[in-house]
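Engineer: What follows is a structure written as structure tokens; I'll ask about it next.
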Amino acid sequence: MWKISRSFLTDPLGDVETWSESVDKVLGCKAGQIAFREFLKSQYSEENILFWLACEEYKKIKTAPEMISSANRIYSEFVQTEAPRQINIDCGTRENITKNISKPSLTSFDTAQKLIYSLMARDCYPRFLKSNIYQGLLRRSDSR
């Protein structure tokens with residue numbers, strides 16, 4: 001059985017039915033992100049959504065010092081070889097990020113983020129829709 005964090009329960013589940021329309025519907029709301037993350041954790045691929053979310057936050061950065069700091073954190077946590085939560089991207093993309101990490105821009109992680117998004121949409125998302133996590137939330141939502 002899986003557990004849902006308390007913060008999940010405070011988020012409305014009214015849009016659970018729409019999550020089956022697209023991965024964007026899941027990623028577009030806090031409750032969907034939490035449920036999808038729980039699923040990915042059970043599949044040992046939580047790093048995918050964590051990286052994707054980190055990239056979304058990174059794109060909102062307004063100052064150069066904050067960008068440099070955040071870029072280095074994302075790089076060391078997800079991108080560099082042997083990173084604690086290393087994402088599965090091709091070596092060309094990894095090398096390109098490594099080469100440019102000393103001068104990051106708001107688009108530094110775009111290619112990698114698109115690859116991870118594609119992986120989640122193509123592989124993880126269809127399995128999520130069949131999972132006990134999603135099916136349980138759907139049943140709970142239906143019974144309201």
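Engineer: Determine the shape class of the stretch 16-76: with a ≥ b ≥ c the square roots of the Cα gyration tensor eigenvalues, call it rounded for a/c under 1.5, and otherwise prolate if a/b is greater than b/c, oblate otherwise. Don't skip to the answer; put the middle values down first.
Structural biologist: Details: a/c = 3.85, a/b = 1.80, b/c = 2.14.
It comes out oblate by the Cα gyration axes.
Engineer: Run the accessible area of the chain with a 1.4 Å probe and give the carbon-and-sulfur part as a rounded percent. Each step should come with its number before you reach the end.
Structural biologist: Details: 4330 of 8320 Å².
Ligands and nucleic acids excluded, carbon and sulfur reach 52 percent.
Engineer: Any lysines with Cα under 25 Å of the Lys114 Cα? List them, leaving off those in the same chain fewer than 8 positions away.
Structural biologist: Lys25, Lys30, Lys41, Lys59, Lys60, Lys62, Lys99, Lys103, Lys130
Engineer: Still on this structure, I have one more. Write down the accessible area per residue of the stretch 6-105 in Å², having rolled a 1.4 Å probe over the full set of protein chains.
Structural biologist: Working: 5560 Å² over 100 residues.
Averaged over the residues of the stretch 6-105, the accessible area is 56 Å².
Engineer: Moving on. Dividing the Cα radius of gyration by the Kirkwood radius, what Rg/Rh value follows for the stretch 91-144? Don't jump to the answer; show the numbers that get you there.
Structural biologist: Details: Rg = 17.7 Å, Rh = 13.8 Å.
Rg divided by Rh gives 1.29.
Engineer: Compute the normalised compactness of the stretch 43-144: alpha-carbon radius of gyration over 2.2 N^0.38 Å, N being the residue count.
Structural biologist: Numbers: Rg = 16.1 Å, N = 102, 2.2 N^0.38 = 12.8 Å.
The reported ratio for this selection is 1.26.
Engineer: Now for a separate question. Run through the stretch 74-127 and list the GluC sites (Glu not before Pro) located in a DSSP loop whose Cβ has at most 16 other Cβ atoms within 10 Å.
Structural biologist: Working: sites: Glu77, Glu82, Glu95; in loops: Glu82.
For GluC sites (Glu not before Pro) across the stretch 74-127 that sit outside H, G, I, E and B with at most 16 neighbouring Cβ atoms in 10 Å, the list reads Glu82.
Engineer: With charges set only on the Cβ (+1 for Lys and Arg, -1 for Asp and Glu), what does the dipole of the chain come to about its Cα centre, in debye to the nearest 20? Mind showing how you got there, number by number?
Structural biologist: Details: 21 positive and 18 negative charges, 47 e Å.
It comes to approximately 220 debye.
Engineer: On to the next question. When only Cα pairs under 8 Å and 6 or more residues apart are kept, what is the percent relative contact order across the chain? Can you show the working numbers first?
Structural biologist: Working: 120 pairs, mean separation 38.6, N = 144.
This gives 27 percent for the chain.
The values are calculated or read from the model by the stated rules, or taken from the named source; none is laboratory data. Keep in mind that this is a model prediction, so the values were computed, not measured. Positions of Cβ are backbone-derived with ideal geometry, glycine not excepted, and every protein chain shown enters the neighbour counts. Calculation scope for accessible area: heavy atoms of the full protein, side chains included, ligands and nucleic acids excluded. Shrake-Rupley method; radii C 1.70, N 1.55, O 1.52, S 1.80 Å.
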